[in-house]
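Any read-out appearing in this document is the output of simple, stated calculations on the displayed coordinates, not a laboratory observation. Because the structure is predicted, anything quoted here is derived from the model rather than measured. Because the Cβ atoms are built from the backbone with ideal geometry, glycine has one as well, and the counts that use them run over all protein chains shown.
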Amino acid sequence: MWAVRRLLIALMSIWIAVSLTFMLLRVLPGDAISVQLTVSGANPEVIAARRTSLGLNEPVISQYVDYLWRLARGDLGISLLNGQPVSEILAVKLSSTLVLTAAAVLIAAVLGAILGLLAVRDSTISGRIAQAVSSIGISLPIYWLGTILLVVFVGQLRILPAVYDGTASGMILPAVTLGFSGAGAVARVTAASAAGAYWQDFTRTAFSKGLRESSIFFRHILPISLTPITSVIGLQTGYLLSGAVVVESIFTLPGLGRTMITAVLEQDYPVVQGIVLWSAVAVVCVQLCADAMIWLSDPRLREAQW
């Protein structure tokens, strides 16, 4: 019953995202066909004929129903600019975005968990530093952080490439830029959850036995704090996907973010809709996995559901 309810919510979320994108794009004046042909000097009759052949002169509701019908059959449409299927465009650009997002999520999870555990003891120097770093991660805009890293590691130290060159070293700065911004939120949640367990009886017992503090944190406190940490990582994935648009522009990654910006500026409806659909599906799937992990790891939730 839990799985069915979560799946229905996921499908509803995807439908809302796709529908809102479709309608909002139609509110904007013009489209890629009109812009492209007008610049090339085509007369209004040619423009109207081209729009009619692509169904852009149909009522919005008719276009919407036709789009959902084609979407149900796995047809994402074709680009209005070059006539290339949207599925092919996504296939070419998807790998860079997936690698960037996966690396950023890993950095955010690991760095955020470590900072959060250190921040529990806010009276120590390490705890204060961890709190300061997590606050910087939350408040510092992605484009500022990316610019600073470029100046330091490219302009001053010259140890990393300024733009993505297809190698692992070219992915370091983009992944760190994106992951550090998500680590702050993970650190805050980790610290709040771990602080509640830090003063529990079992923690005092572990200290009284002479166990090392690092062992207590990672073997006793961290496992019982995984539920909120897993939840916030799932939520941060959507934030990191949106931040990939900025990061890909800064470091010129050939991913979906830069393609999205180009498609929006050129009003290429099908490409924008395809990227939004993929992003919604990715975020929903990650959130479903996070919810499933929480449900499986916490017997109290399973008992409450049943």
- Which FRET efficiency value, to the nearest 0.05, do you get for Val110 and Leu160 by plugging their Cβ-Cβ distance into 1/(1 + (r/R0)^6) with R0 = 22 Å? 0.65
- Task: Report the residue, chosen from Ser139, Ser279, Ser231, that carries the largest GNM mean-square fluctuation when the chain is represented by alpha-carbon nodes joined by springs under 10 Å.
- Result: Ser139
- Protection proxy ranking of 179-188, 202-211, 82-91 - average other beta-carbon atoms within 10 Å, highest first: 179-188, 82-91, 202-211
- Please report Glu266, Glu58 as a ranked list, fewest other C-beta atoms within 10 angstrom at the top and most at the bottom. Glu58, Glu266
- Taking the Cα centre of each part, how many Å lie between segment 52-103 and segment 157-185? 30
- Message: Counting only helical runs of four or more DSSP H residues, what would the 222 nm mean residue ellipticity of the chain come to if each run contributes -39,500 (n - 2.57) and the total is spread over all its residues?
- Response: -25000 deg cm²/dmol
- Task: Tell me the label-point distance for the pair Met293, Ile138, using the 7 Å Cα-to-Cβ offset, in nm and rounded to one decimal.
- Result: 2.2
- Anisotropy class of segment 138-235 from Cα gyration tensor, a/c 1.5 cut: prolate
- Query: Equivalent-ellipsoid semi-axes (√(5λ), Cα gyration tensor) for the chain, whole Å, largest first?
  - Reply: 45, 26, 13
- Query: Among Ile125, Ile138, Ile261, which one shows the biggest mean-square fluctuation in a GNM of the chain, springs joining Cα atoms closer than 10 Å?
  - Reply: Ile125
